[in-house]
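So the structure is just underneath, and the comments pick up after that.
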Amino acid sequence: MAENHNHQELQHTAGSGWAKYCPRCGHPLVERYIEVEQHVRKICSSCGFIFYLNPKVVAGAVPRQGDRIWLVRRNIEPSIGCWTFPGGYVDLGERVTEAAIRETYEETKLQIRLDGLLNIYSYAKAGIIVAVYRATVTGGVAGPTPESLEVSAFELRDIPWKSLAFPSTREALSDYVQYEASATEGPH
Ligand SMILES: [Zn+2]
């Protein structure tokens, strides 16, 4: 399942040109200005269904084990061969937290506990919202999967900044490093 819908960040663009037919009845969609919403929407020319086009939600986790974090080297486009933390699209009927845990297991074979939300990253042009959690490894043995060429643990100073997969990868890891630095300095 995950192979089909993971990480298509760059493919799910904010444009709506691809939406041509009603997902309910198959008739052509037309663009119409909806007065109360003050917005042009795609509407079915036959049944009146309004096809709302919203960003997709991606859940990710930065799994920590000791003083290292696990990253995966992508085996699928886009950004094949680049590094990122595990993550993928949230399924309908699934909580964001569950998706972060499931995707981490699917891509690394590691079980994790979520420790808190790192932040949310959104990009108007990519049409996605990425929720990234801080996490701790609780079990499993890391290994490559159909989606990951390589699964490796990095000390924070060794994060491969030059070969990261997405803008969200860079932003989240940089927030993570900052969070960890302030957590170790701060009194607690
Ligand atoms: Zn229709």
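A few comments on the model shown:
- Scan of the range 152-187 for residues that are loosely packed, with under 13 Cβ neighbours inside 10 Å, charged (D, E, K, R) and part of a helix (DSSP H, G or I), ordered by number: ARG157, ASP158, LYS162, GLU185
- Among the numbered conditions (1) within 16 Å of the ligand (Cβ to nearest atom); (2) modelled with pLDDT of 95 or more, the only one that LEU114 does not meet is (1).
- Every test in (1) out of contact with any strand residue (DSSP E or B) (no Cβ under 7 Å at 6 or more places or on another chain); (2) within 9 Å of the ligand (Cβ to nearest atom); (3) among the aromatic types (Phe, Trp, Tyr) is passed by TRP18 save one, and that test is (2).
- Taken together, the criteria exclude LEU71 from residues that are modelled with pLDDT of 95 or more, part of a strand (DSSP E or B) and within 16 Å of the ligand (Cβ to nearest atom).
- Number of residues in the range 86-143 that are of a type in the set (Gly, Ala, Ser) and closer than 17 Å to ALA165 by Cα: the value is 6.
- Scanning the range 111-150 for residues that are more than 18 Å from GLU98 (Cα to Cα), surrounded by fewer than 19 Cβ atoms within 10 Å (Cβ to Cβ) and touching a helix residue (DSSP H, G or I) at 6+ places or on another chain (Cβ under 7 Å) turns up TYR123, THR145, PRO146.
- When each of VAL132, VAL151, VAL90 is tested for being closer than 12 Å to PRO63 by Cβ and under 14 Å from the mean Cα position of the chain (by Cα), the lone residue that passes is VAL132.
- So ILE101, is it β-branched (Val, Ile, Thr), in a loop (DSSP other than H, G, I, E, B) and under 19 Å from GLU150 (Cα atoms): no
- Beta carbons closer than 8 Å, at least 6 apart along the sequence or on distinct chains, never pair a first residue in the range 14-28 that is not assigned by TED's automatic domain parsing to the domain that holds ILE43 and at pLDDT 95 or above with a second that is away from the ligand (no atom under 12 Å from the Cβ) and of a type in the set (Gly, Ala, Ser).
- When the range 25-77 is filtered for residues that are on the phi > 0 side of the Ramachandran plot and among the small types (Gly, Ala, Ser), the ones remaining, listed by number, are GLY26, GLY48, GLY66.
- Close pairs (6 angstrom Cβ cut-off, 6 or more residues apart or separate chains): within 22 Å of GLU171 (Cβ to Cβ) in the range 139-160, polar (S, T, N, Q) anywhere: GLU147/ASN75; SER148/ASN75; VAL151/THR108
- Extreme residue, surrounded by the most Cβ atoms within 10 Å (Cβ to Cβ), among residues of the range 51-68 that are among the hydrophobic types (A, V, I, L, M, F, W, C) and within 16 Å of the ligand (Cβ to nearest atom): PHE51
- Restricted to the range 31-50, and to residues there that are part of a strand (DSSP E or B) and surrounded by 11 or more Cβ atoms within 10 Å (Cβ to Cβ), the residue that is farthest from the ligand (Cβ to nearest atom) is VAL40.
The values are calculated or read from the model by the stated rules, or taken from the named source; none is laboratory data. The structure displayed is predicted, hence computed values, not measured ones. With ideal geometry, Cβ positions are generated from the backbone for all residues, glycine too; neighbour counts draw on all protein chains shown.
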